[in-house]
Amino acid sequence: MAESSLDRCLRELPQRISDAARVLDVGGWHAPLNRADYVIDIMPYATRNREGAILKEVWPEERFTEKTFIQTDICQKPWPFPDKFFDFVFCSNTWEDLREPIAVCSEMNRVAKAGFLAVPSRLVESTK
């Protein structure tokens, strides 16, 4: 995804997610979305990157907790959530590193009513 597109999406995200919405961050260990109510990642909660949080200036405090940080292989189906459990699913810079991206995309579609998926552009990444 081109940086300008990602920047635009992130600028608009706070207006698109209401305070009452239930939000999932898929693969959010490295740069979690503090607004997420749940995070699902293979890495453990205790080692998450708190300093690299996405939109930390908008949501300074983590809304997810150790209990709602689900440590599991996201390529394994099914995830431990019912269909359309989340109002919004967020996945940034994770999908391109997965061994089973179609399975993850399928689960994102199953558990969420709406979402955002950011995948780095090979051209942009190669020319930085």
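Counting other Cβ atoms within 10 Å of each Cβ, which GluC sites (Glu not before Pro) in the range 36-75 have at most 15 and sit in a DSSP loop?
E51, E57, E61, E66
Please report the net charge: other residues with Cβ closer than 15 Å to the Cβ of E107, K and R +1, D and E -1.
0
Kirkwood hydrodynamic radius, the range 22-64, all distinct C-alpha pairs: what's the number in Å?
It is 10.0 Å.
Please give every one of the aspartates and glutamates within straight-line cross-link reach of K77, meaning a C-alpha to C-alpha distance under 12 Å, and leave out same-chain neighbours fewer than 8 residues apart.
E100, E107
At a Förster distance of 22 Å, what's the computed FRET efficiency of H30 paired with K67, Cβ-Cβ distance as r, to 0.05?
E(calc), rounded to 0.05, equals 0.60.
So, with a 1.4 angstrom probe, what is the percent of accessible area on the range 1-102 that is carbon and sulfur?
For the range 1-102, the apolar C and S fraction of the accessible surface comes to 52 percent.
Could you give the dipole magnitude of the range 18-128 about its Cα centre, charging the beta-carbon of Lys and Arg +1 and that of Asp and Glu -1, in debye to the nearest 20?
140
How much accessible area per residue does the chain have, in Å², with a 1.4 Å probe?
Result: 57 Å² per residue.
Just want the answer: with Cβ charges of +1 for Lys and Arg and -1 for Asp and Glu, which residue in V58, Q15, L33 is farthest toward the dipole's positive end in the range 1-110?
Among V58, Q15, L33, the one farthest towards the positive end of the dipole of the range 1-110 is Q15.
The values are calculated or read from the model by the stated rules, or taken from the named source; none is laboratory data. No experiment lies behind these values; they were computed from the predicted model shown. Cβ coordinates were reconstructed from backbone atoms using ideal geometry, including for glycine residues, and neighbour counts include every protein chain displayed. Accessible surface areas use protein heavy atoms only, side chains included; no ligands, DNA or RNA. Shrake-Rupley method; radii C 1.70, N 1.55, O 1.52, S 1.80 Å.
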